[in-house]
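Participant: I have a structure I would like to understand better, so I am pasting it below and will then ask my questions one at a time.
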Amino acid sequence: MPVPDRPLRILHAVRAPVGGIFRHILDLANGQADRGHDVGIIADGQPEYSFISNVIQYDYFLPKVDIQAIGSGGGSLARVDVGSKTLHVGPDSAGADPGPACYGRGGTVATVTDADVVLGYINPDNFLGGRIKLDKGKAIEAVQRVAEGLGLSLVQAAAGIAKIAEFKMADIIRKMTVEKGFDPRDFVLFAFGGAGPAHAGVFAYELGVRKAIVPQKEIASSWCAFGAASADILHVYEQVDIQANPFDAARANRALDALEQKANAQMERDGIAAARRRFHFSLDMRHRGQINEVEVPLPDKRLKGAFETGLRRRFAARYEQLYGRGSSYGEARAEIVTLRLRASAATPRPKLAKTAKRARIVSGASVGKRGIYWSDLKRAVATPIYDGARLVPGNRMTGPAVVETTDTTAVVHPGRTLKVDAFGNFEIAFGK
């Protein structure tokens, strides 16, 4: 798929929260038996937000970074529907206890992690840097039951489990981007956590993204915690005040004044100096008679002068980005529904420094070969295995290959390439 000449954006990211923990701290001991993946978008340097959340059929009007969960991860259970002879992967999960069959803690149903062990992606003797020994025999037993239920060979069943999980990941990411008016081909994909890097090479390719990045090598599994620790302070203030055009600028500005006063008072209590405070204003707007709004950023802190023409233009552009060219009806009256202020302050964070020294040739990182079944090739291949901790910026390899770190595994499928960039990230490219 050709890559259009468009600004680079980040699909941030597919994260596999190890041990099923969707919080700031990851339990590394639980490895790749996660409940699923979580997907968010960063476009033009800003995360995408949602302002209505549905939890158990109830709508909550609370602003949050828009994160969508995929019920497909390393711990997702693979079951055969006997009647239809079809394979289902997830959304139910083995979790961390009992976990996949290969954990040897009593789990008997095949999971994506078991399939990875059978295929050879994961070395059962080097899981979490050797801190946990996986039982390959139990993984084979679990996947074999799936194979018998479908009339397939063992490796065909394992490859099918992995492929279904990967395509489910691609589907939810595609749906999430397209519904927000984005083209996934404009993005790079950050894949991190325990299991994300093992499958990113497939679902990223299916999406048509520019490349997949496994951040900072051996700390990929704690990348979510790193992000939480270095995130900016953010307060979001909203005021519902429905008015149709022609808009009353003074009325809107009074509401914006009140929001800014609240933000300043809160940030004063937070001990944030005035010079650090950053205010970003926006309006939720809709065509009169509709019930769904779109958010329109304000270039200035207040409405002033002949603002309506520019405001309507920005509203129409955002509306058509979401719903298609020509979908905005310029003759219809427009309404402002909600006025919003995001008050933020940057927090201290580590400086990520580039490495000047580069070495294209991989030297000293090879740890031998392992037989791995590649569905694209329909056969097992003696595949080079690399110690990710020994790779240095500039190193490049062509798949098939597997890069192992203490906390995750990056799988490079045939026809893909992996290189280490100046920051120590693994970049998987697709040769498109």
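Participant: Among (1) free of Cβ contacts under 8 Å to residues at least 24 places away in the same chain; (2) surrounded by 15 or more Cβ atoms within 10 Å (Cβ to Cβ), where does Ala410 come up short?
Facilitator: Among (1) free of Cβ contacts under 8 Å to residues at least 24 places away in the same chain; (2) surrounded by 15 or more Cβ atoms within 10 Å (Cβ to Cβ), the lone unmet condition for Ala410 is (1).
Participant: Return the only residue of Val117, Val109, Val143 being within 28 Å of Ala69 (Cβ to Cβ) and touching a strand residue (DSSP E or B) at 6+ places or on another chain (Cβ under 7 Å).
Facilitator: After applying the criteria, what remains is Val109.
Participant: Which numbered condition trips up Gly371, out of (1) more than 18 Å from Val188 (Cβ to Cβ); (2) outside any strand (DSSP E or B)?
Facilitator: (2)
Participant: If I go through region 113-139 residue by residue, how many of them are farther than 20 Å from Gly371 by Cβ and crowded, with 24+ Cβ neighbours inside 10 Å?
Facilitator: 0
A quick yes/no check of all residues on (1) basic (Lys, Arg); (2) farther than 30 Å from Arg276 by Cβ; (3) touching a Ser or Thr at 6+ places or on another chain (Cβ under 7 Å):
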{"site": "Ala317", "(1), (2), (3)": "no, yes, no"}
{"site": "Glu320", "(1), (2), (3)": "no, yes, yes"}
{"site": "Tyr329", "(1), (2), (3)": "no, yes, no"}
{"site": "Ala332", "(1), (2), (3)": "no, yes, no"}
{"site": "Thr338", "(1), (2), (3)": "no, no, no"}
{"site": "Val362", "(1), (2), (3)": "no, yes, no"}
{"site": "Val367", "(1), (2), (3)": "no, yes, no"}
{"site": "Asp376", "(1), (2), (3)": "no, yes, no"}
{"site": "Arg379", "(1), (2), (3)": "yes, yes, no"}
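Participant: Within region 112-160, can you find the residues that are closer than 22 Å to Gly399 by Cβ and polar (S, T, N, Q)?
Facilitator: Those that are closer than 22 Å to Gly399 by Cβ and polar (S, T, N, Q): Thr113, Asn123, Asn126, Gln156.
Participant: Which one of these does Val296 not meet: (1) buried (at least 18 other Cβ atoms within 10 Å of the Cβ); (2) touching a strand residue (DSSP E or B) at 6+ places or on another chain (Cβ under 7 Å); (3) farther than 27 Å from Arg318 by Cα?
Facilitator: That leaves (3) as the condition not met.
Participant: Being aromatic (Phe, Trp, Tyr) and either closer than 22 Å to Thr406 by Cα or assigned by TED's automatic domain parsing to the domain that holds Ala273 (or both): is that true of Tyr373 here?
Facilitator: So Tyr373 fails the test.
Participant: Of the conditions (1) farther than 30 Å from Val236 by Cβ; (2) outside any strand (DSSP E or B), Pro384 satisfies every one except a single condition; which number is it?
Facilitator: Against the list (1) farther than 30 Å from Val236 by Cβ; (2) outside any strand (DSSP E or B), Pro384 comes up short only on (2).
Participant: Another question about this same structure. If you scan region 290-323, which residues turn out to be part of a helix (DSSP H, G or I) and of a type in the set (Lys, Arg)?
Facilitator: Keep residues of region 290-323 that are part of a helix (DSSP H, G or I), which gives 308-323.
If the condition is that a residue be part of a helix (DSSP H, G or I) and of a type in the set (Lys, Arg), then Arg312, Arg313, Arg314, Arg318 are the ones that fit.
Participant: Kindly provide the set of residues from region 50-68 that are among the aromatic types (Phe, Trp, Tyr) and at pLDDT 75 or above, ordered by number. Give the steps one after another, and end with the answer.
Facilitator: Let us first name the residues in region 50-68 that are among the aromatic types (Phe, Trp, Tyr), namely 51, 58, 60-61.
Within region 50-68, Tyr58 is the sole residue that qualifies.
Participant: Quick one: Ile164 ticks every box in (1) more than 20 Å from Tyr205 (Cα to Cα); (2) out of contact with any Gly (no Cβ under 8 Å at 6 or more places or on another chain) except a single one, so which number is it?
Facilitator: (1)
Participant: Every residue in region 49-89 that is outside any strand (DSSP E or B), free of Cβ contacts under 8 Å to residues at least 12 places away in the same chain and either of a type in the set (Ser, Thr, Tyr) or not assigned by TED's automatic domain parsing to the domain that holds Met169 (or both), please.
Facilitator: Within region 49-89, Ser84 is the sole residue that qualifies.
Participant: Ok, one more. Can you confirm whether region 399-406 contains a residue that is closer than 24 Å to Arg131 by Cα, in a helix (DSSP H, G or I) and free of Cβ contacts under 8 Å to residues at least 60 places away in the same chain?
Facilitator: no
Participant: For region 133-151, name all the residues that are assigned to a helix (DSSP H, G or I) and acidic (Asp, Glu).
Facilitator: Glu141, Glu148
Participant: So, one more: Tell me which of these Val178 doesn't satisfy, since it passes every other one: (1) touching a helix residue (DSSP H, G or I) at 6+ places or on another chain (Cβ under 8 Å); (2) among the aliphatic types (A, V, I, L, M); (3) touching a residue at least 24 places away in the same chain (Cβ under 8 Å).
Facilitator: (3)
The values are calculated or read from the model by the stated rules, or taken from the named source; none is laboratory data. Everything numeric in this text was worked out from a predicted model, so none of it was measured. With ideal geometry, Cβ positions are generated from the backbone for all residues, glycine too; neighbour counts draw on all protein chains shown.
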